[in-house]
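The values are calculated or read from the model by the stated rules, or taken from the named source; none is laboratory data. Being a predicted model, the structure only gives us computed values, none of them experimental. Here the Cβ positions follow ideal geometry from the backbone for every residue, glycine too, while neighbour counts run over all protein chains shown. Side chains included, ligands, DNA and RNA excluded: accessible areas come from the protein's heavy atoms. Shrake-Rupley method; radii C 1.70, N 1.55, O 1.52, S 1.80 Å.
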Amino acid sequence: MALAPFHLAIPVYDLAAARHFYGEVFGCAEGRSSEHWVDFDFFGHQLVIHEAPKMAYQESAASNPVDGHDVPVPHFGVVLGWADWEALAERLRSRETTFVIEPYVRFKGQVGEQATMFLLDPCGNALEFKAFKDMSQLFAK
């Protein structure tokens, strides 16, 4: 089954800072916009940032322990190809991005071995980007 692009709308309390983050830091192409929201091509998916009051989770994210790290919840992101993930990690490092969890490979030698990184946008929305050497293990148990 071919993957369909997802649509995700998230709240941002600083539209200008979030627009810069997704457009300049990530290099996402901007689509339609108004003075209160902006569409982005987020790795082939439609991400819309909507200006809204600060949400409780943007103040201080909850987390769950995974592989010795505190994974922020909620979070969203994209599963990239390995080379694309490495290029994104380098792009973010070159822009002196602060990571919640630095880029690394987790579950080494186990089912589901994956590269992952977590960061926050300027409004406290948590993002995860991951890659699998073997994409067939995306849903492996």
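In the range 30-43, what residues are over 21 Å from F99 (Cα atoms) and either surrounded by fewer than 16 Cβ atoms within 10 Å (Cβ to Cβ) or of a type outside the set (A, V, I, L, M) (or both)?
E30, G31, R32, S33, S34, E35, H36, W37, D39, F40, D41 - these are the residues of the range 30-43 that are over 21 Å from F99 (Cα atoms) and either surrounded by fewer than 16 Cβ atoms within 10 Å (Cβ to Cβ) or of a type outside the set (A, V, I, L, M) (or both).
Restricting to the range 1-29, give me the number of residues that are surrounded by 15 or more Cβ atoms within 10 Å (Cβ to Cβ) and assigned to a loop (DSSP other than H, G, I, E, B).
The qualifying residues number 4.
Restricting the first residue to the range 122-136 and requiring it to be closer than 15 Å to Q58 by Cα, which pairs with a second residue that is open to solvent by less than 10 Å² (accessible area, probe 1.4 Å) and of a type in the set (D, E) meet a Cβ separation below 7 Å and a spacing of at least six or different chains?
Pairs that qualify, where the first residue is closer than 15 Å to Q58 by Cα and the partner is open to solvent by less than 10 Å² (accessible area, probe 1.4 Å) and of a type in the set (D, E), are L127/D121.
Report whether or not D70 is acidic (D, E), out of contact with any Asp or Glu (no Cβ under 9 Å at 6 or more places or on another chain) and closer than 28 Å to D134 by Cα.
yes
I need the full set of residues from the range 20-39 which are among the hydrophobic types (A, V, I, L, M, F, W, C) and closer than 21 Å to P72 by Cβ, in order please.
Across the range 20-39, the qualifying residues are F21, V25, F26, C28.
Determine which member of the set G81, G44 is touching a strand residue (DSSP E or B) at 6+ places or on another chain (Cβ under 9 Å) and at positive phi.
Exactly one of G81, G44 is touching a strand residue (DSSP E or B) at 6+ places or on another chain (Cβ under 9 Å) and at positive phi, namely G44.
Report, by residue number, each residue of the range 121-141 that is touching a Gly at 6+ places or on another chain (Cβ under 8 Å), open to solvent by less than 30 Å² (accessible area, probe 1.4 Å) and within 29 Å of P11 (Cβ to Cβ).
L127, E128, F129, A131 - these are the residues of the range 121-141 that are touching a Gly at 6+ places or on another chain (Cβ under 8 Å), open to solvent by less than 30 Å² (accessible area, probe 1.4 Å) and within 29 Å of P11 (Cβ to Cβ).
Please return the ranges of strands (runs of 3 or more DSSP E) entirely within the range 44-120 where 2 or more residues are open to solvent by 20 Å² or more (accessible area, probe 1.4 Å) and either farther than 17 Å from A18 by Cβ or at pLDDT 95 or above (or both).
Here the list reads 45-51, 62-66, 69-73, 75-80, 99-106.
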